[in-house]
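The values are calculated or read from the model by the stated rules, or taken from the named source; none is laboratory data. Predicted model, so just to flag it, every value in this text is computed and none were measured. Note that each Cβ is placed from the backbone with ideal geometry, even for glycine, and that neighbours are counted across all protein chains shown. Only protein heavy atoms, including side chains, enter the accessible area calculation; ligands, DNA and RNA are left aside. Shrake-Rupley method; radii C 1.70, N 1.55, O 1.52, S 1.80 Å.
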Amino acid sequence: MLKKILVANRGEIACRILRTCKRLGIATVAVYSDADASAPHVAMADEAVRIGPPPVRDSYLVIHAIVEAARAAGADGIHPGYGLLSENQAFAEAVLDAGITFIGPPPAVLHAFGDKIRARDHARGADVFPPPGTGGPVDPTDTEAAQRAAESIGFPLLVKAAGGGGGIGMQVVTDPVKLSRALTACSDRGRSAFGDPRVYMERYIERPRHIEVQVLCDGQGGAVALGERECSAQRRHQKIIEETPSPAAFFQGEAGDARRKTLHESALRVVTGAGYVGAGTVEFVAAESGELFFLEVNARLQVEHCVTEMCTGLDLVEHQIRIASGEPLAPEVRDHTYRGHSIEARLYAEDPAKKFAPQPGRITALRWPAAGDDLRIETGVAEGLEVTPFYDPLLAKIVAHGPTRDEAIARLDRALAETTIELTGPAGPAATNLAFLRQILADGDFRSGQYDTRFAEALAAGKKVS
């Protein structure tokens, strides 16, 4: 077992990892920017190292600073959390070159799945197919070739940045006249956000649902799928409510059980064929009919891993650490059982009435509901701290469990009702999405389980589709 782990992240996920490390008796090291000097994750760790000023490019994305902090502290492992450097091949290589264990997939796996075009090719090799689209990148300046490719795919279609993630560099195109502009915009966004201007096109699935499968692989022949998560409640292509198991109609009954089994097997074929090690998520988009298409692999821990933990009783961070320490999958992982239903709401400092615009400010009042076996609060903020514009405005994840989906939703709604958070921005009170989360939970389409990725934004705009 690793003896000392540096957490190369911040906020709620850093606190989450530190908590498991402490339970396992592993010494911990936090890193922080100047903006996070008083953050909870800094206080939780046994040691903390400043790595730079607030912008992530000058702190949390500086590979040599993080590796040097780990080396100076004597850490024998680095956990990257999610986002930031978690899927960065160069970071994983630098960690390993320093003689430190990287708690994540090996660099070759990050290379295989870090590029969406390459990942699509790999999935096809495992007989798991993405939506029909271009076999490689599209040149935004060759408008005639792009139009021919688009016509062969059919409209509507998606233009996507090859190095993208989180909905960045992605546009739906319904009108051929707008294709050239979308290709240029997504290419420019990919270049600025990921240093990769390549784009590709694929068919847009009407009324899409976003379904993902949690996997754990030990690199020694052991691999399991720990169920699927429904992640279709989104804004800006980013999730705000996730649940497991999926309530989709196409997963119900004997035919639904067979489809779910096929989905889990497909996810495992994709990752095992690449020599995957550790925790990861294989993402799919589902058509209204239930036809499932490969999207991508997130080669890291997901934000929403907690809902899987609530239904399996497993600590995924613990098993990431055990796998990175050279242990095979534990018996409780191989023989896991699923119980009940779990649902997570992401509480953000953002205004749903203003297209979910971030709302920086100082937290002037904060009260969480009492946690317990049926409720988890995952947070990295505290009263008096600033929610700055430098980072994602996630305040907390509130995760509920119940014997049934209705009971889990009711427990989450009670928890949200018992939550108090007040933000004061430069011009006065700042908004959160707390009330909007409860609006989602109360909506009839959501309660019936028959919602798709368009649902949340339409609800916020008062233009809900049915």
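Rounded to whole Å, the principal axis extents of the Cα atoms in the chain read 58, 49, 48, largest first. Taking other residues whose beta carbon is less than 15 angstrom from the beta carbon of Val172, and scoring Lys, Arg as +1 and Asp, Glu as -1, yields +4. The stretch between Lys354 and Ala145, if pulled fully straight at 0.36 nm per residue, gains 71.4 nm over its current Cα-Cα span.
Where the only charges are on Cβ atoms (+1 Lys, Arg; -1 Asp, Glu), what is the dipole of the chain about its Cα centre, to the nearest 20 debye? Mind dumping the intermediate values first?
Values: 51 positive and 61 negative charges, 100 e Å.
Roughly 480 debye for the chain.
Within a straight-line Cα-Cα reach of under 12 Å, Lys4 can be paired with the following aspartates and glutamates, leaving aside sequence neighbours fewer than 8 residues apart in one chain: Asp46, Glu47, Asp76.
All other residues whose Cβ lies under 11 angstrom from that of Ile240 are scored, Lys and Arg at +1 and Asp and Glu at -1, for a net of 0. With one equal scatterer per alpha carbon and no solvent term, the Debye-computed log10 I(q)/I(0) for the range 90-182 at 0.17, 0.24 1/Å reads -0.82, -1.26. The trypsin sites (Lys or Arg not before Pro) of the range 76-157 include none that meets both conditions, a loop assignment by DSSP and at most 15 other Cβ atoms within 10 Å of the site Cβ.
Calculate, in whole percent, how much of the Cα-Cα pair population of the range 180-298 lies beyond 16 Å. Considering the range 180-298, 66 percent of its Cα-Cα pairs are separated by more than 16 Å. Using only alpha-carbon positions in the range 319-466, the gyration tensor eigenvalues give semi-axes of 29, 23, 15 Å once each is multiplied by 5 and square-rooted (largest first).
Neighbours of Ile51, meaning other residues whose beta-carbon lies under 15 angstrom from its beta-carbon, give a summed charge of -1 when Lys and Arg score +1 and Asp and Glu score -1. Accessible area per residue for the chain is 39 Å², calculated with a 1.4 Å probe on protein heavy atoms, without ligands, DNA or RNA.
Extension gain for Ala427 to Asp443 (0.36 nm times residue separation, less C-alpha to C-alpha distance): 2.5 nm. A Förster radius of 22 Å, combined with the Cβ-Cβ distance separating His237 from Val177, puts the computed FRET efficiency at roughly 0.40. Values of log10 I(q)/I(0) for the range 12-99 across q = 0.12, 0.20, 0.25 Å⁻¹ run -0.32, -0.96, -1.52, by the Debye formula with one identical scatterer at each alpha carbon and no solvent. The per residue volume of the convex hull around the alpha-carbon atoms of the range 173-241 is 160 Å³.
What the Cβ-Cβ distance of Asp406 and Arg362 gives, at R0 = 25 Å and to the nearest 0.05, is a FRET efficiency of 0.10. Each of Gly273, Gln359, Thr337 was scored by the projection of its Cα onto the charge dipole of the chain, and the greatest displacement toward the positive side belongs to Gln359; charges sit on the C-beta of Lys, Arg, Asp and Glu. Taking the helices alone, the chain has a mean residue ellipticity at 222 nm of -10000 deg cm²/dmol, built from -39,500 (n - 2.57) per DSSP H run of at least 4 residues and averaged over all its residues. Excluding residues fewer than 8 places away in the same chain, name every one of the lysines whose C-alpha is closer than 26 Å to that of Lys239. Output for Lys239: Lys116, Lys160, Lys261, Lys354, Lys355, Lys397, Lys463, Lys464.
For the range 416-466, the alpha-carbon radius of gyration amounts to 1.38 times the rule-of-thumb value 2.2 N^0.38 Å expected for a compact globular protein. Working from label points 7 Å from Cα in the Cα-to-Cβ sense, the Arg339 to Arg50 distance is 4.7 nm.
From most to least packed by mean Cβ count within 10 Å, the peptides 328-336, 358-366, 225-233 give 225-233, 358-366, 328-336. Taking every C-alpha pair closer than 8 Å and separated by at least 6 residues, the mean separation divided by the residue count of the chain gives a relative contact order of 14 percent.
Got a number for carbon plus sulfur as a percent of the range 79-173's accessible area, 1.4 Å probe?
Here carbon and sulfur together make up 51 percent of the probe-accessible area.
Does the range 240-342 classify as rounded, prolate or oblate by the C-alpha gyration tensor (a ≥ b ≥ c root eigenvalues; a/c under 1.5 gives rounded; else a/b over b/c gives prolate, otherwise oblate)? Prolate, because a/c is 1.5 or more and a/b exceeds b/c.
Measuring from centroid to centroid over Cα atoms, what is the spacing of the range 47-114 and the range 1-22 in Å? Distance between centres, Cα-based: 13 Å.
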